[in-house]
Amino acid sequence: MSKIVIKRAETPEDIASVRSVFLEYLQFVEAYLGQDLSFQGTEKEFADFPQTYDALFLGTLNDVPVAACGLKPFKSGICELKRLYCRPAARGHGLGLKLSQAALDEAKLLGYTQMYLDTDHGLKHANAVYEHLGFCDIEKYYDNPMDSRFMGRKI
C-alpha cells in the first residue's frame, strides 16, 4: 500500500521540494498551453521564493516529494490557491484533492473568507477536483491574457 503524506512545507528541504515541483508545473503548463506565464510575475515569485506565499503544501508518496500547492494572499479576506501540481508518476492517488483541502483548511485558520483560483478549461482532472471541493465559476479577477477558467468559493 502506498504511503501518502500531505504536510505544510516549513523546513528548508520541504520548501526546496515545493519549489522544484512548482518549477516542473510551470514547464508543464507552458508546454501544454504553448504560452509563457511570465505575466503572472513568475520571475519575481521564484527570485523571492517563498515570500509571496502564506503557506506551502507538499505531498509525498512513499517519502518522495511528488506534489505541491501554495496559498497566496490576494486581497483582504481573499486568498488564491496557486500552482497545484502532481508529478505524472504519482497521479491517481488523490494528492490534488488532499493538497487543495489542506490549503482550504489553512486558509480558514488564517482568517480568509474566500479562495480564488484560475485554471485551464482543458485540464479536466484539475477542474473536477475544484468542482468537487465546491469551487464555482467567477468573474475574471486579475489581468490574464489567456482563456482561463476563474473559480472561487467561500471558506
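Every condition in (1) in a helix (DSSP H, G or I); (2) touching a residue at least 60 places away in the same chain (Cβ under 8 Å) holds for Ser2 except the one numbered (1). In the set (1) touching a Leu at 6+ places or on another chain (Cβ under 8 Å); (2) closer than 28 Å to Asp143 by Cβ; (3) exposed (fewer than 13 other Cβ atoms within 10 Å of the Cβ); (4) not aliphatic (A, V, I, L, M), Phe57 fails one condition alone, (3). Restricting attention to the stretch 126-155, the residues being surrounded by 12 or more Cβ atoms within 10 Å (Cβ to Cβ) and among the charged types (D, E, K, R) number 3.
Looking at the stretch 71-91, which of its residues are among the basic types (Lys, Arg) and without any contact (Cβ under 8 Å) to a residue 60 or more places away in the chain? So that I can check it myself, show each step before the final result.
If we filter the stretch 71-91 for residues that are among the basic types (Lys, Arg), which is where we start, we get 72, 75, 82-83, 87, 91.
Hits for the stretch 71-91 are Lys72, Lys75, Lys82, Arg91.
Scanning the stretch 95-125 for residues that are surrounded by fewer than 19 Cβ atoms within 10 Å (Cβ to Cβ) and within 15 Å of Phe150 (Cα to Cα), we see that the one that is modelled with the highest pLDDT is Gln114. Pairing residues of the stretch 28-51 that are surrounded by 11 or more Cβ atoms within 10 Å (Cβ to Cβ) with residues that are among the small types (Gly, Ala, Ser), at Cβ distances under 9 Å and at least 6 apart in sequence or on separate chains, gives Tyr32/Gly122; Leu33/Gly122; Pro50/Ala9; Pro50/Gly70. A single member of Phe22, Phe39, Phe28 is within 21 Å of Asp120 (Cα to Cα), out of contact with any Asp or Glu (no Cβ under 6 Å at 6 or more places or on another chain), at pLDDT 95 or above and not in a strand (DSSP E or B), and it is Phe22. Where strands (runs of 3 or more DSSP E) fall wholly inside the stretch 43-110, the ranges with 1 or more residues that are small (Gly, Ala, Ser) and either more than 25 Å from Glu30 (Cβ to Cβ) or within 16 Å of the chain's Cα centre (by Cα) (or both) are 55-61, 64-75.
Within the set Leu84, Leu33, Leu61, Leu56, the sole residue that is over 22 Å from Tyr112 (Cβ atoms) and touching a helix residue (DSSP H, G or I) at 6+ places or on another chain (Cβ under 9 Å) turns out to be Leu61.
The values are calculated or read from the model by the stated rules, or taken from the named source; none is laboratory data. All figures in this text were calculated on a predicted structure; none of them were measured in a lab. Note that we place each Cβ from the backbone using ideal geometry, even for glycine, and neighbour counts take in every protein chain shown.
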